[in-house]
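The values are calculated or read from the model by the stated rules, or taken from the named source; none is laboratory data. In this text the structure is predicted, and so the values were computed from the model without any measurement. With ideal geometry, Cβ positions are generated from the backbone for all residues, glycine too; neighbour counts draw on all protein chains shown.
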Amino acid sequence: MTHDCSFLTSLDLDGDVSFGDSDRDSHAGDWGTAADERVRPDAVVFAESTEDVSEVLAAADERRVPVTPFAAGTSLEANATPTHAGVSLDLTRMDAVLDVRPDDLQIDVEPGVYGSAIDEAVAEHGLWFPPLPSSGDISTVGGMIANDASGMQTVEYGEVGDWVLGLEAVLADGSVIETGSRAVKTSSGYNVGDLLVGSEGTLAVVTRATLELAGRPEQIRGGRALFPTLDDAASAVFDAVRSGVDVAKIELVDATSATMANEYSGTDLPDVPTVFLEFHADNGIEAEIDFCRTIFEAHDVERFDQAPDDEGMAELWQARKDLAFAVRSYDPDLTATSPGDVTVPISDYPTIVRYVRDLADEHDLLIPCFGHAGDGNLHYSVLVDESDPAEVESGKEVSEQIVRKALELGGTSTGEHGIGTGKREYLVAEHCDAGVEAMRRIKRALDPNDTLNPGKIFPETADEERLWVEAPDRDGPSSDAS
């Protein structure tokens, strides 16, 4: 399907409109979009202001033209893929840090600001933004809010959404709304801001965010613990969290992932199940580390090493950060069927880790596992040889079994990547028919013409039909000249 987007050239925009092949190709998918699932938008708008976003959405909604928000393109479930073509709304030029209020521990930013830029902007005040995901250096604030991103420090600091105080956002019809306030709490009306967090651009487009900050801890220590088996490592993590160890990061890496990390990052991690740790405190940090060591010793830990200095700690965490890239590049003959990110109650973390390992053995598949173990989040990739149809089918079956098991344990199909197009089939199983229908009603109320990022989240959009409104026939696509 194509849409006539020539109306964009008549809008009075601060930014630019492009119909060029290069721009359309670069916006046809994100990091999680398979090559055969990429969809070229009919046009790309590089917005530079809230007014730009409002004008584009209002004009597109009037014509029933889909609009898909786009930023860094680092999402993993095709969240930013324009599945029904139309307009790709690029927000990367809206990248200003608008205001820093150190006395209030707050910052106002536009959606195209990268996560690392927040910490740079507030560092002189001794502040930081704790919930940044592992991809914070290459992900934007708008994308993080859209997916309610989280990362290694979620176990202590929570998700990005927990640090959002207020939003400016544009609805599908171009209306500009504001949610929340600069106060740290409110009981005023519906919490619309929380509704927009995690909505993947299907309800509104965020154009400004007020975020809460925190003071940097005076003491930071990191290290790693090596275990003889994956069961021992997973059980140690559960025991540490249950026992109340005050840990800021606690990450599990299996032996396969360690091998991949070494090859990609040039590190020398032992090829054994490993738990990476980081502790934050203003005082008494050594006592907390000793407490954790004692618990790990009850689970047959083989080594418990602290990083010797900041440089050693940075190297330690870089290997963990690089794992997603390491898995992809490990074997050119193998392709990941899905970027799994199930999350379960912490008491069942050893259960889901063991389940994945047993499936890998049963089906003779390579399934590296790692993740934010402290909050029950397990990342995995089922690697298959695409030239072997039987292996591909087996990989898909295993991927589905893992998600179903996580739901059976009371968990979720996606802890941080979002539903996008890859997890739609599990929405009803996780939320029941009535729950999903409530989501549909919200979507219809805020986007009655289904123009905002159609094709995402809801199960019935797995085909090529729009959710409830068909776009009217137009004369054809606009010119390809930019």
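Listed here are the residues, each with its yes/no results for (1) β-branched (Val, Ile, Thr); (2) not assigned by TED's automatic domain parsing to the domain that holds ASP194.
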| residue | (1), (2) |
| --- | --- |
| SER88 | no, yes |
| ARG101 | no, no |
| PRO111 | no, no |
| SER116 | no, no |
| ALA123 | no, no |
| GLY126 | no, no |
| PHE129 | no, no |
| VAL141 | yes, no |
Pairs returned, first residue in region 319-345 that is surrounded by fewer than 17 Cβ atoms within 10 Å (Cβ to Cβ), second residue that is assigned to a loop (DSSP other than H, G, I, E, B) and of a type in the set (Ser, Thr, Tyr), beta-carbon separation under 9 angstrom, 6 or more apart or interchain, are ASP333/SER387
Among the residues of region 152-164, the number that are within 12 Å of the chain's Cα centre (by Cα) and surrounded by fewer than 24 Cβ atoms within 10 Å (Cβ to Cβ) is 2
Of the listed residues (GLU37, GLU77), the one being within 27 Å of the chain's Cα centre (by Cα), closer than 19 Å to ILE138 by Cα and of a type in the set (Asp, Glu) is GLU77
HIS379 vs (1) part of a helix (DSSP H, G or I); (2) within 21 Å of ALA240 (Cβ to Cβ); (3) within 22 Å of the chain's Cα centre (by Cα): all pass except (1)
Quick check, is ILE352 β-branched (Val, Ile, Thr) and in contact with a Leu (Cβ under 7 Å, 6 or more places away or on another chain)?
-> yes
Worksheet entry | Flag for ASP108 being more than 18 Å from the chain's Cα centre (by Cα) and without any contact (Cβ under 8 Å) to a residue 40 or more places away in the chain | no
Filtering strands (runs of 3 or more DSSP E) wholly in region 45-158 for at least 3 residues that are under 21 Å from ASP12 (Cα atoms) gives 67-70, 87-90
- Query: Restricting attention to region 391-402, does a residue exist that is farther than 29 Å from PRO350 by Cβ, in a helix (DSSP H, G or I) and in contact with a Leu (Cβ under 6 Å, 6 or more places away or on another chain)?
  - Reply: no
Residues in region 408-429 that are of a type in the set (A, V, I, L, M, F, W, C), buried (at least 16 other Cβ atoms within 10 Å of the Cβ) and either closer than 22 Å to THR33 by Cβ or without any contact (Cβ under 8 Å) to a residue 40 or more places away in the chain (or both) total 2
So for region 233-241 (the condition being aromatic (Phe, Trp, Tyr), within 25 Å of the chain's Cα centre (by Cα) and modelled with pLDDT of 95 or more), does at least one residue qualify?
yes
Taking region 182-228 and keeping residues on the phi > 0 side of the Ramachandran plot and acidic (Asp, Glu) leaves GLU200
By residue number, the members of region 85-116 that are more than 23 Å from GLU178 (Cα to Cα) and either surrounded by 24 or more Cβ atoms within 10 Å (Cβ to Cβ) or of a type in the set (A, V, I, L, M, F, W, C) (or both) are ALA85, GLY86, VAL87, SER88
task: Look at SER187 and say whether it is without any contact (Cβ under 8 Å) to a residue 12 or more places away in the chain and not in a strand (DSSP E or B).
output: yes
